[in-house]
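What follows is a single structure, written as structure tokens, with notes after it.
The values are calculated or read from the model by the stated rules, or taken from the named source; none is laboratory data. Everything numeric here is computed off the predicted structure, so don't read it as measured data. Please note: Cβ atoms are built from the backbone with ideal geometry, for glycine as well, and neighbour counts cover all protein chains shown. Note: accessible area is taken over every heavy atom of the protein model, side chains too, but ligands, DNA and RNA are not part of it. Shrake-Rupley method; radii C 1.70, N 1.55, O 1.52, S 1.80 Å.
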Amino acid sequence: MVDNLKRRTVLKAGGVAAAAVTVDSAAGAPEVVAAEATGSTDITLKVNGTTKRVTVEPRTTLLDALRERMALTGTKKGCDRGECGACTVLVDGKRIKSCLTLAVMRQGASITTVEGLAKGDRLHPVQEEFIRHDAFQCGGCTPGQIMSAVACIKEGHTGSDDEIREWMSGNLCRCACYPNIVAAVKAAARRGASW
């Protein structure tokens, strides 16, 4: 009982302190904005063939920079821990989970997101095969699956269904469309799915 009382007292005191900081921050907003601005940095990223300059905090992940600073929302935020693969993008042609890398670490790198695969109105062969093989349901994992599939094909890991499953295993599908995903990757590989 004494521990709970102490914990409650600490939590209440923390709430009062937070409220005081909020009130003080409202009165001194220009100082807070200036402090935030000095903690930010300008970086240049080449995304989908276009060089973009963005201002980010040093702790901003590549995923958050793409979604929140560049409005490229095709890359999905799933687990935010690198476990689901929904945030997979290509960096200098290699697949990475964008939630596990900082944007400042990718300065000058060539980044491809799912928005950058199509050529005008013409879908990438992997995108076409995902549609043709009904390789998605809810669509939450689809951008990451497609980006991984593009890399899987480019890396030459499409010799068998088992090999495709192994090399796509970093991307989870909560709807369990795995047989259709494997079929789509296999079909795109047969087409020589690269631009």
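List of remarks:
- For region 35-92, the set of residues classified as crowded, with 19+ Cβ neighbours inside 10 Å, in contact with a helix residue (DSSP H, G or I) (Cβ under 8 Å, 6 or more places away or on another chain) and of a type in the set (D, E, K, R) consists of Asp64, Lys76, listed by residue number.
- So Ala151, is it farther than 18 Å from Val47 by Cα and of a type in the set (Gly, Ala, Ser): no
- First in region 124-139 and within 19 Å of Ala86 (Cβ to Cβ), second anywhere and exposed (fewer than 14 other Cβ atoms within 10 Å of the Cβ) and hydroxyl-bearing (Ser, Thr, Tyr), Cβ under 7 Å, 6 or more apart: none
One line per residue, one yes/no per condition, for (1) at pLDDT 95 or above; (2) of a type in the set (Gly, Ala, Ser):
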site	(1), (2)
Ala34	no, yes
Thr38	no, no
Thr41	no, no
Val47	yes, no
Arg53	no, no
Leu62	yes, no
Thr73	yes, no
Gly78	no, yes
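- Residues of region 93-110 satisfying the condition of being assigned to a helix (DSSP H, G or I), touching a Gly at 6+ places or on another chain (Cβ under 7 Å) and open to solvent by 20 Å² or more (accessible area, probe 1.4 Å): Leu100
- Hey, Val150 touching a His at 6+ places or on another chain (Cβ under 8 Å) and either surrounded by 22 or more Cβ atoms within 10 Å (Cβ to Cβ) or among the β-branched types (Val, Ile, Thr) (or both) or not: yes
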